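Report on the following structure.
The values are calculated or read from the model by the stated rules, or taken from the named source; none is laboratory data. Computed from a predicted model, the values in this text were never measured in an experiment. When we count neighbours, we look across all protein chains shown, and the Cβ atoms used for this are built from the backbone with ideal geometry, even at glycine. We work out accessible area using only protein heavy atoms, side chains counted, and drop any ligands, DNA or RNA first. Shrake-Rupley method; radii C 1.70, N 1.55, O 1.52, S 1.80 Å.
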Amino acid sequence: MSQFTDIIEEKCPVCGKGHVFSKKGNPLLFKMPKMNETCNVCGHKFEREPGYFYGAMYVSYAVTVAEMMAVYIITQFFTKDFATIITIIAITAVLLSTFNFRLSRMLWIYMFDSKKREA
């Protein structure tokens, strides 16, 4: 399987079989995603040290900005009212918050831990 599909399916960067998240989270119920401490297949520790995912916040910011730019461009075709566009962007940001949280952590893990798969 490719790394892209492993990131989307939230698989372990080392074995590609275990799941990184045990719960997906729900922004409407104010539930954040729950991350496993280790892979249940190979035992790889996801958070290597305290503050390991600090850089994932910057990845999340970049992903969110890209999504909001896309939403802005799409909503331009339907309305020219600036307040409506901002409202749609804000709602989209809230609805995609847990997805962006998981995606940014997966991208961060794969940037640093996927090299262990080849070894």
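Does at least one position in segment 23-31 carry a residue that is open to solvent by 90 Å² or more (accessible area, probe 1.4 Å), in a loop (DSSP other than H, G, I, E, B) and farther than 26 Å from residue 94 by Cβ?
Step one: of segment 23-31, the residues open to solvent by 90 Å² or more (accessible area, probe 1.4 Å) are 23-24, 28-31.
Applying the additional criterion that residues be in a loop (DSSP other than H, G, I, E, B) yields 24, 30.
Add one more test, that the residue is farther than 26 Å from residue 94 by Cβ, and what stays is none.
The answer is no, given that none of the residues of segment 23-31 is open to solvent by 90 Å² or more (accessible area, probe 1.4 Å), in a loop (DSSP other than H, G, I, E, B) and farther than 26 Å from residue 94 by Cβ.
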Checklist line | Verdict on residue 17 being surrounded by 13 or more Cβ atoms within 10 Å (Cβ to Cβ), among the charged types (D, E, K, R) and either farther than 15 Å from residue 105 by Cβ or touching a Cys at 6+ places or on another chain (Cβ under 6 Å) (or both) | finding: yes
Item checked: segment 82-108: number of residues that are over 13 Å from the mean Cα position of the chain (by Cα), under 29 Å from residue 53 (Cα atoms) and not aliphatic (A, V, I, L, M) -> 1
Note to self: Restricting to segment 85-107, name every residue that is more than 13 Å from residue 57 (Cα to Cα), among the hydroxyl-bearing types (Ser, Thr, Tyr) and in contact with a helix residue (DSSP H, G or I) (Cβ under 8 Å, 6 or more places away or on another chain).
What the structure shows: 92
Check: Does residue 79 count as over 18 Å from the mean Cα position of the chain (by Cα), modelled with pLDDT of 90 or more and of a type outside the set (Gly, Ala, Ser)?
Finding: yes
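In this structure, does residue 47 turn out to be under 21 Å from residue 3 (Cα atoms), open to solvent by 30 Å² or more (accessible area, probe 1.4 Å) and acidic (Asp, Glu)? Walk me through how you get there before you give the answer.
Values: under 21 Å from residue 3 (Cα atoms): yes; open to solvent by 30 Å² or more (accessible area, probe 1.4 Å): yes; acidic (Asp, Glu): yes.
So residue 47 passes the test.
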